[in-house]
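Trainee: Quick one: the structure is below, questions incoming.
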Amino acid sequence: MELGKIAVGVDFSDESTAALEHATGLCKRFSAELVLIHVGPVALPGTGSIVPSVRVWEEVVNQRATEERMQVRMLAEKIAKQGLKVSHVAVEGEPGEQLAKAADEHAVDLIVVGSHGRTGAKVFLLGSTSQGVVRRAHCNVLVHRPGPQREQGPASILIGTDFSEHAEEALRVAIAMAADDAIIDLVHFVHVVVPAA
């Protein structure tokens, strides 16, 4: 598996910072370019409203968008000083959709996103950026969960297989990303239909 470009979703949360560290490690390991993708608030066009609260809201949102773009640029400059090739992009809209779209536009080989660990009703009500990226992306997606990470790659990987081309590609990706001493377990489930008595 060749990794020439690795994108990471950056929203300045703890989960995003951990995903960035993981993506940076992968870039060093594979000599890949890092693409920082930030999906910020949608800038509001001036409505010319005479209502003061509307004007204030527009100014607050636009100021936040400007500040976050500056933060992403400064982060890219900081990472570049570590010797990595890095680029950055700031887009607006729904995060899962825009991360996948930006990754396509920049021809990345892997997207790394952080997981906020939402389950159940929270995912239903709030949605999940990582879930949205996995559904929409045309390249591999690595969902990074908080916790200790090994610099040389995962030591234990579980792969579900149905013996399809996609499962074989998942195995190739796992082998490429695994540590030299990693254990890769394959699991295949068979759905058994029990006829009615």
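Trainee: Looking at Val108, is it in contact with a strand residue (DSSP E or B) (Cβ under 7 Å, 6 or more places away or on another chain), buried (at least 18 other Cβ atoms within 10 Å of the Cβ) and assigned to a loop (DSSP other than H, G, I, E, B)?
Mentor: yes
Trainee: Also: Answer with yes or no whether Ala137 is touching a strand residue (DSSP E or B) at 6+ places or on another chain (Cβ under 7 Å) and modelled with pLDDT under 90.
Mentor: The answer is no for Ala137.
Trainee: Something else now. Name every residue in region 29-43 that is at pLDDT 90 or above and either assigned to a strand (DSSP E or B) or open to solvent by less than 20 Å² (accessible area, probe 1.4 Å) (or both), in order of residue number.
Mentor: Listed by number, the residues that qualify are Ala32, Glu33, Leu34, Val35, Leu36, Ile37, His38.
Trainee: What are the pairs, 6+ residues apart or on separate chains, where a residue within region 159-173 that is in contact (Cβ under 8 Å) with a residue 40 or more places away in the chain has its Cβ under 7 Å from a residue that is surrounded by 14 or more Cβ atoms within 10 Å (Cβ to Cβ)?
Mentor: Partner pairs satisfying both residue conditions: Val173/Asn140.
Trainee: Something else now. Taking interchain pairs and intrachain pairs at least six residues apart, which have beta carbon atoms under 6 angstrom, with the first residue in region 63-84 and closer than 15 Å to Ala32 by Cα and the second surrounded by 13 or more Cβ atoms within 10 Å (Cβ to Cβ)?
Mentor: These pairs meet every condition: Ala76/Leu36; Ala76/Val86; Ala76/His88; Ile79/Val86; Ala80/Val86; Leu84/Cys27; Leu84/Leu34.
Trainee: Out of the residues in region 150-180 that are closer than 18 Å to Leu26 by Cβ, in a loop (DSSP other than H, G, I, E, B) and open to solvent by 100 Å² or more (accessible area, probe 1.4 Å), state the one that is modelled with the highest pLDDT.
Mentor: It comes out as Asp180.
Trainee: Hey, another quick one. Looking for something modelled with pLDDT of 85 or more and within 30 Å of Ile175 (Cα to Cα) - is there at least one such residue anywhere in region 70-77? Quick ask: steps written out before the conclusion?
Mentor: Narrowing region 70-77 to residues modelled with pLDDT of 85 or more: 70-77.
Still in the running and within 30 Å of Ile175 (Cα to Cα): 76.
Yes, region 70-77 has at least one match.
The values are calculated or read from the model by the stated rules, or taken from the named source; none is laboratory data. All of these numbers come straight from a predicted model, not from anything done at the bench. All Cβ positions, glycine included, derive from the backbone under ideal geometry; neighbour counts span all protein chains shown. Side chains included, ligands, DNA and RNA excluded: accessible areas come from the protein's heavy atoms. Shrake-Rupley method; radii C 1.70, N 1.55, O 1.52, S 1.80 Å.
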